[in-house]
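Structure first, then comments.
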């Protein structure tokens with residue numbers, strides 16, 4: 001991993017007490033690559049991670065959390081994997097509804 005401060009697009013602390021990071025390269029290749037509508041919406045994803053309305057546990061993987069924050073007409077969902085006190089963004093996308101899963105945190 002690069003030690004260059006510009007390597008990360010963001011590194012933020014979630015309400016669950018672990019940080020989530022995302023590199024510039026991953027954002028462009030994976031997040032925007034899979035969901036072009038997320039281009040330029042980094043601030044929305046950071047808000048979902050730092051100030052969500054609700055956080056749910058993935059039904060498939062107990063180390064994966066779904067962070068939901070309201071948007072103008074929809075929700076922003078940021079999906080992150082926790083590894084001890086650190087974590088990383090898996091994906092982010094606009095959502096019409098909250099997925100099923102155990103609620104682990106609410107505002």
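Compute the Cα gyration tensor for the chain, then decide on rounded, prolate or oblate, letting a ≥ b ≥ c be the square roots of its eigenvalues: rounded whenever a/c is under 1.5, prolate when a/b is larger than b/c in the other cases, and oblate in all that remain. Write out the running numbers ahead of the final one.
Values: a/c = 1.70, a/b = 1.20, b/c = 1.41.
Oblate.
What nm distance separates the two modelled labels at residue 34 and residue 99, each placed 7 Å from Cα along Cα→Cβ?
In this crude label model, residue 34 to residue 99 measures out at 0.9 nm.
Give me the extension gain from residue 88 to residue 61: residue separation times 0.36 nm, minus the current Cα-Cα distance, reported in nm with one decimal. Could you put the intermediate results ahead of the total?
Values: separation 27, 0.36 × 27 = 9.72 nm, distance 1.43 nm.
Taking residue 88 through residue 61 to full extension adds about 8.3 nm, to one decimal.
Can you give the FRET efficiency for residue 19 and residue 107, using 1/(1 + (r/R0)^6), R0 = 22 Å, r = Cβ-Cβ distance, to the nearest 0.05?
On the way: r = 20 Å, r/R0 = 0.89.
Once rounded, the FRET efficiency stands at 0.65.
Calculated from DSSP H runs of 4 or more alone, at -39500 (n - 2.57) each and per residue, what is the 222 nm mean residue ellipticity of the chain, nearest 500?
Values: 1 runs with 9 residues, N = 107.
That calculation yields -2500 deg cm²/dmol at 222 nm.
In which sequence would 44, 84 go, from the one with the fewest C-beta neighbours within 10 Å to the one with the most? List each step's numbers first, then the result.
Numbers: 44 17, 84 7.
The most exposed by this proxy come first: 84, 44.
No lab work stands behind these numbers, since they all come straight from the coordinates. The model shown is predicted, which means the values in this text are computed figures rather than measured ones. Glycine gets a Cβ as well: all are built from the backbone with ideal geometry, and neighbour counts include every protein chain shown.
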